[in-house]
Each structure stands twice: as structure tokens, then as C-alpha cells.
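Chemist: Take this structure, written in C-alpha cells, and hold onto it; I'll ask about it next.
The values are calculated or read from the model by the stated rules, or taken from the named source; none is laboratory data. Keep in mind that this is a model prediction, so the values were computed, not measured. Note that each Cβ is placed from the backbone with ideal geometry, even for glycine, and that neighbours are counted across all protein chains shown. Ligands, DNA and RNA are excluded from the accessible area calculation, which covers all protein heavy atoms including side chains. Shrake-Rupley method; radii C 1.70, N 1.55, O 1.52, S 1.80 Å.
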Amino acid sequence: MATFDHNFEQMNKFVIPSISRIPPQSILIFFTTLMFAHHFFAYAGHFGFDDMHYARISERLLSGKIDFNDHFSYRLSVILLTSFSYFCFGISDFASSIPAILISILILLIVYRALLPFGKSALTFGLAMTTLSSSFLYFTDKLMPDIYVALSIMAAIFVIYQLRFSNRKKSHIFLAALFAFALLFGFMSKETIVLSAPLFGFFFILDLIRRQFLSFWVWAFFFGALLLGGYFAAIGMITGNPLHRFTAIEGNSYLNACSYDQQPTIVLIRRIAIDFFSMIIHYGMAVSFVFLIGHAVITRAKGLFSIENRMSFFISSTWILTLTANFMSISLTSYVPMCIDPRHYLYLIPVSAIAAGMVMKKGIFAKKKNAFVFALLALLCGIAYFLQTRGWNFIYFPLALLLSFGWWFNSSVQKKRFFLLIFIFILGASHYKDVRYAHDIKFRKQGIWLKDEVLSINKGIVVTDRAQAHFAEYYGGFNTDDSLKFIRFEFFSDDNIDMETDVYVLINPHTQYLSKLHPMDVPFYVRFMSDENKLIAYDERLGMKLYRMRDFSGPDERGKSLFHSTNSLTVANDFWNNPPGQNIESIDGYDCLKTGMYSSSFNFPLDSILPLGSDALYITTEMQCYFSVDVDAKLVILVEDSTGIYLWNDLPVNQNIESIGHWWPTHMNTIISGETIRPNSTLKVFLYNFSRGDVYFKDFSVEIFHLPN
């Protein structure tokens, strides 16, 4: 080991010392450059829903049109900056990304300012954990309000930090004005800013008890009331109701997976006891918390909620924000915690990174601290592996391995700096899958192909999935000219289309994925494209296809319905195998049956329709499902003979269930070649519930079509 240490010292004689001479501004520039590199070389594009809606509102604002019945229209921080970017650069991916990129740079600047007094090691550590956090880096160029909220909370925290610990005393009036404006900026970005209220309430109550900084708080309340009053007064002048924003929020609400007040209590318990922490682990956000937990245990949580010094200030801020993020309700009328989605919690990343950077400076390499942090990382690695999360082998395992050599890194300053280089490399390498994904989907090339092949069409109707329709309208500059219309699959009907109108179908595997559109969900005429429809544009690398349509026939038009049956629950039917002794139950006023591991099955002898030769059978099934808890279940279509099952198709039912404790439709279809069907075979259709939760079903039907070759 001594020889290895000597060789290491010689190898880094000129490399490592040069790092110590790097000015701190260069560290900030380095991580900012990484952020830009991610945008230019690993851009994964838009989501196709909320972001495209913000883009549309921003474009309309340039025309003086805005719908104040839409609650997104009140997120003016996002809308105004995006509108200004469109005014300067036109509607494009780059113009949509500029505001978020600038906001992200400001967040990095706050992290830089907070950690600068702690030295370049802590600064590098904190900036690395902020910039290279998978969720933060991914959203640095997205047209979404959450990065704006993160800046708002960070700016407000930094104002309080400056108030307490800055060596250059600033005017309380000036700081109070900045504090009030930062919070208004967040409120004008998204309502989730409310999750930070307990933290600032904690600061205020503590100062009130200690009778310190009272003039700051007086001015903060004054400026807050002035700005907020002006904001609501402006809304009142425009809409006639100062509280119309809240009316719009209520009017735009809908039942979804985050409607915890309208689902069984077990869903809420799982949300606050398991799901939040699973999300933190899954998206690699737990790295900072490992160092903070290690520090809390070693110090026996001394001063955990104290703000006596710089480090305890950010540690306390991190834990309070984490508690409120998990437990606080975003509704005044019922207990509804925030949805489980990492974008809602981006603000936790920089504040926890600052706290972890300060803890690191205090010596994570001390024997006890290093051993405990290593143990935590090893535990996290095991949990992440058990949960099959993306980070166990790219983040937690390499970091645990790195910390296992903490005693060696502690032996010299050069080795500690070498530790930082490896740490940055591990966090950076964890984005390998994201970079591969961006390169695989080639989002920018999709936009170019869309403009060249689709938007060049002068007139007609383009039928496509929801996300692709939004992208097409966006790349077309939200042109109000109805000469080229984009209609979603589920809304299109050819009944009222005249013969002179050209109709096209646009297929894009990537946007179908974004739209959560399973291949079985696309219309029959798209899934089984007729030879009468002409392929006029195709890109093999992107998988994008454009057809000029002539044939919209479904299975009943292209073939013939052979059999249709519905499980009536009460009337005996030769083709339905209802388990004996199963009682009909009532859920929400509907008669239904409860499944065990298997539901009632549909059993049909295929010999009755043989021989088919080269023709095929098209099987469709649908039902209404009610989950009492979140369970794993599949809708199954199989074919078997005396030797066993030889054809099996299934579809997870969960993907169609928006919320637990409500009825939701689910459906499935498959095609079976007649040449693959053996004699004496039976077609079976059933629901397979391979978990312990109860699943209820009703309106279970099956239809069989004959499709000629």
C-alpha cells in the first residue's frame, strides 16, 4: 500500500495541485457548461402536454389573447418569460428552453454563493450534487413551472441566509423587498410554493421569540401585502373576481391518481409512508440526504432544527422542507399531499446539496462518519435494488464502493481532491441512460421531419396521437388557419368527412409512448393498415410514418363478427365459467363480481369456426374494473389444447386505472392466425390477479371477428 501511495503521489504531482489553483468562478462555469452540454447533446424534447399548453398560452399572449378560465394562464412567471423568448427568437425548442436554462443558472449561482465561504471542495461537492442530480438536470431546459418554483424558494431562503450570516450588512428594507418578490415570483409560477410556507413561518416565529430581525419581517409583510394585493387587484380588474385564479383551479380539477381525498385511505398512507421516500431513492435524490442523516446520527441530532450557524441553517431548512413536501396538504378543504413526481420537488435538490456540501467540509472522512455514510449508502443500494430503481447500480453502488475507501482518501489533501473527481464522474456517468434515450429518440430530428413532411401539406386532416398532435401545432406556430387540422385518434370519425378532403394518419412510436398509448389502443385501421392506404413518408430511424388514407374500415367492415357475448353475472351461459358460490356484490350502486386469483373466464371452442386456413381471428374484450387497493392484474387472452397453453397474450390493467376506488374501463385485443390454431383448441379470456388486493369487474364482454387474408 505504501508503494501504491507513493506512485499515486508522483502521478498526481502536477495534476492534482493544479486543481487547487482553479478560481472558484471556474467551478461554477464548469457545471454551467455541463448543463449546456446536456441541452445540446442529450435533449430529450418536450412531454407533449402541460409544456405544450404553456407554449400555446405564451403564443396567444403575444396576440393579446388569454383565457383566464384556464388556471395555467395565472402562472405568469412562466408565461411572460416564455412569451418574451418567443417574441425575440420565434417559437422553437431553443426559445422554449432559454427561460428554464437561465432560471437554472440562477439556482446554481445561489448554491455557489452559499458554499463559497466553505472552500472549493464544498463548493464542488454542492454544485455537483445539484447539477448532476438526474431530476434537476433533466428539467433545466423544460418548459415547466417547477424549476421556477425551485428558484423562488432558493432565493427566499438565501435572503434569510444573507440576513443572518452576511458579513456585509444589507438594508432590511432591501432584503424584505427581495424576499417578498421571490415568493410572489413563485406564487405566480405555481401554487406548490405553498409547501415552503412552514419553513418561512418557522424562521419568523423563531425571530419573534428571540426578538431579532423584527424590522425585516415588518417590511417583508408590508411588501408581501403590497405585491399580493396588487396581484389580486389586477386579477379582479381583468376578470371581475380577485379570487378567480382559485375558481379556475377548482373548475379545471379532475379525478386522477393524486386525488388522495377520493381514494381509499390505504392509498394515502402508502403515499406518505412509502411512495415519497421511494421517489427520493429512485431518482437519485437520496445522495445528499445520506450525508445529512450520517451527520445527524453522529452528532445525535444536536441542533437539528437550529439556525445558530450557516451549516445548521441549511440542514434545518432541508429537513423542514422535506417534511412539508411529504406531509403537507395542498388543499384547504381536505388532506391531499402533493403528487409523487420528482419535478414537484426540485427545490429539495439545491437546498439539500448546500447542506451536504457544508457537512462534507466538516469531514465526512472521519472514521465514524465515513463508516456510517458507507453503511447508509450500502443500505440504499440494497433498497434501490429491491425496488428495481434506476439508480442502484449507477449511483448508490459506485458511491458505496467509493466511500468504502474513505479512510484512504482521508490520508492526504490530494486524495480528497481525487475523491471529488471520482464523485463527479460517478454522478455524471449516472446520466448515461438518459443520454442514450435522447440519442435513440432523436427529438430534434423528429421536429425537422415533421416540418418537412407533414407541415408542408397545404390542406387536410392529420389523425395522430395526442402528444404528436400537440407537437405538430407547436411546430406550426399554433397557426389558427384551419386548412391543416390535427385530430387525435379517439376523436376522429370518418362519417362526416367529404370525399374531397385528404385525410392522413401520422404514426410516431415516441409520441405514442408519451401519450401512454399502447399498441392495442390505436384504432384498428391504424394497427392493421390496409393496402389501399398509401405510405407517402417514412423515416426508418425515427419510426415515423405518414399515410394518405382511403380505408378506415374496422374489423366488422373488413371481416365478419362471428360471436359476441357479455357476462350477465346472473344468467347462466355456456361460454362463461363463473366460479361456484361467487356472490354478486354492489359497488357504487353497480352489480359486479369479485375476482380471486382468476376472474370468471370466457371459454370458446375454436373447432366450431375451423377451418380458417390462412385467415385470422381478431379477438376483442373489454370490462369495467374497480380496484380497492393498488394491485397487479392482467387481462389475458390465451389458446390451449390438451397439451396445454400454446398462445398467450396479456395486458396490464393498471395502466388504464387512473385512481383507486373508482370504476375504470379497460380493453384488449389480439389477432390469431388461423394457421397457428390446433384442433380441439379452446379460447379463454379472463382477468388474472396475481396480488392480494381485491378487484371487482362488470360489463365483461368478448367479441370474435373473422378476418379474411
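Chemist: Along Cα→Cβ, 7 Å out, is where each label goes; now give me the distance between the ones at residue 293 and residue 386 in nm to one decimal.
Modeler: Inter-label distance under the simple model: 1.2 nm.
Chemist: List the trypsin sites (Lys or Arg not before Pro) within the stretch 654-709 that DSSP assigns to loop and that have no more than 10 neighbouring Cβ atoms inside 10 Å. Before the final figure, lay out the partial values.
Modeler: Working: sites: 684, 692, 698; in loops: 692.
For trypsin sites (Lys or Arg not before Pro) across the stretch 654-709 that sit outside H, G, I, E and B with at most 10 neighbouring Cβ atoms in 10 Å, the list reads 692.
Chemist: When a/c is below 1.5 the answer is rounded, else prolate if a/b is larger than b/c, else oblate, so apply that to the chain with a ≥ b ≥ c taken from the square roots of the Cα gyration tensor eigenvalues.
Modeler: Judged from the Cα gyration tensor, the chain comes out prolate (a/c at least 1.5, a/b above b/c).
Chemist: Once you order the gyration tensor axes a ≥ b ≥ c over the Cα atoms, which shape class does the stretch 72-180 get: rounded for a/c under 1.5, otherwise prolate or oblate by comparing a/b with b/c? Show your work: numbers first, answer last.
Modeler: Numbers: a/c = 2.63, a/b = 1.44, b/c = 1.83.
The shape class here is oblate.
Chemist: Taking the 0 to 90 degree range and rounding to the nearest ten, how far is the long axis of helix 2-11 tilted relative to the main principal axis of the chain, both from C-alpha atoms?
Modeler: In the chain, helix 2-11 runs at an angle near 90 degrees to the longest axis.
Chemist: Out of the stretch 567-673, which GluC sites (Glu not before Pro) are coil in DSSP terms and have no more than 16 other C-beta atoms within 10 Å?
Modeler: On the way: sites: 585, 622, 640, 658; in loops: 658.
Those that pass, being in a loop and sparsely packed, are 658.
Chemist: Something else about it: Add -39500 (n - 2.57) for each DSSP H run of 4 or more in the chain, then divide by its residues: what number comes out at 222 nm, to the nearest 500 deg cm²/dmol?
Modeler: My calculation for the chain gives -14500 deg cm²/dmol from helical runs alone.
Chemist: Once the dipole of the stretch 381-507 is set up with Lys and Arg at +1 and Asp and Glu at -1 on Cβ about the Cα centre, which of 455, 425, 492 lies farthest towards its positive end?
Modeler: Projecting each Cα onto the dipole axis, the largest value belongs to 425.
Chemist: Right, here's the next one. Using the Cα centre as the reference, give the magnitude of the dipole from point charges on the C-beta atoms of the stretch 561-709 (Lys, Arg: +1; Asp, Glu: -1; all else neutral), rounded to the nearest 20 debye.
Modeler: Roughly 180 debye for the stretch 561-709.
Chemist: From the Cα trace of the stretch 518-592, what convex hull volume per residue do you get, rounded to a whole Å³?
Modeler: Working: hull volume 13.9 nm³, N = 75.
About 185 Å³ per residue, rounded to a whole number.
Chemist: In debye, nearest 20: dipole of the chain around its Cα centre with unit charges on the Cβ of K, R (+) and D, E (-)? Don't jump to the answer; show the numbers that get you there.
Modeler: Working: 57 positive and 56 negative charges, 1060 e Å.
Once rounded to the nearest 20, the dipole reads 5100 debye.
Chemist: Considering the dipole of the stretch 250-331 built from charges on the beta carbon (Lys and Arg +1, Asp and Glu -1) around the Cα centre, which of 253, 294, 326 is farthest to its positive end?
Modeler: My answer, from the dipole projection, is 294.
Chemist: Between residue 169 and residue 654, what FRET efficiency comes out of the Förster formula 1/(1 + (r/R0)^6) with R0 = 60 Å and r the beta carbon distance, rounded to 0.05?
Modeler: The value I calculate is 0.55.
Chemist: Of the listed peptides 334-342, 450-458, what is their order by residue-averaged count of other C-beta atoms within 10 Å, with the highest listed first?
Modeler: Those peptides, ordered most packed to least, come out 334-342, 450-458.
Chemist: Work out the FRET efficiency for residue 495 and residue 585 from their Cβ-Cβ distance, taking R0 = 35 Å, and round it to the nearest 0.05.
Modeler: Once the sixth-power term is evaluated, E becomes 0.35.
Chemist: Which residues among the stretch 293-308 fall inside the zone where the amide N is under 18 Å from a point 7 Å beyond the Cα of residue 277, along Cα→Cβ?
Modeler: 293-298, 301
Chemist: If 648, 449 are ordered by their accessible area, calculated over protein heavy atoms with a 1.4 Å probe, which sequence runs from highest to lowest?
Modeler: These residues rank, largest area first, as 648, 449.
Chemist: Determine, for each peptide in 29-38, 94-103, 154-163, the mean count of other beta carbons within 10 angstrom over its residues, then list the peptides with the highest first.
Modeler: Values: 29-38: 16.2, 94-103: 19.9, 154-163: 22.5.
Order by mean packing, descending: 154-163, 94-103, 29-38.
Chemist: Given the pairs 442/545; 485/534; 433/545, which span a C-alpha to C-alpha distance of over 21 angstrom in this model? Write down the numbers at each step before the final one.
Modeler: Details: 442/545 15 Å; 485/534 19 Å; 433/545 26 Å.
Violating the 21 Å limit, Cα to Cα: 433/545.
Chemist: So if each residue of separation counts as 0.36 nm, and I subtract the Cα-Cα distance between residue 568 and residue 49, what length gain in nm does that give?
Modeler: 182.9 nm
Chemist: Which one of 233, 41, 158 has its Cα pushed farthest toward the positive end of the charge dipole of the chain, where Lys and Arg give +1 and Asp and Glu give -1 at the Cβ?
Modeler: Result: 158.
Chemist: Next question, about the same structure. Kindly identify the stretch 166-276 as rounded, prolate or oblate by the Cα gyration tensor criterion: order the square roots of the eigenvalues as a ≥ b ≥ c, call it rounded if a/c is under 1.5, otherwise compare a/b with b/c, prolate if a/b is larger, else oblate.
Modeler: Here the stretch 166-276 falls in the oblate category.
Chemist: What cysteines in the chain have no other cysteine with a beta carbon less than 4.7 Å from their beta carbon?
Modeler: 88, 381, 592, 625
Chemist: Would you pull out the residues with amide H under 5 Å of residue 486's amide H, same chain only if 5 or more places away, H placed 1.01 Å from N?
Modeler: 462
Chemist: Restricting to Cα pairs below 8 Å that are 6+ residues apart, what does the relative contact order work out to for the stretch 255-334? Please round to a whole percent.
Modeler: 21 percent
Chemist: Scan the stretch 179-230 for trypsin sites (Lys or Arg not before Pro) in coil per DSSP, keeping those whose Cβ has at most 16 other Cβ atoms within 10 Å, and list them by number. Show your work: numbers first, answer last.
Modeler: On the way: sites: 190, 210, 211; in loops: 190, 211.
Here the trypsin sites (Lys or Arg not before Pro) that fit, given the DSSP loop and packing criteria, are 211.
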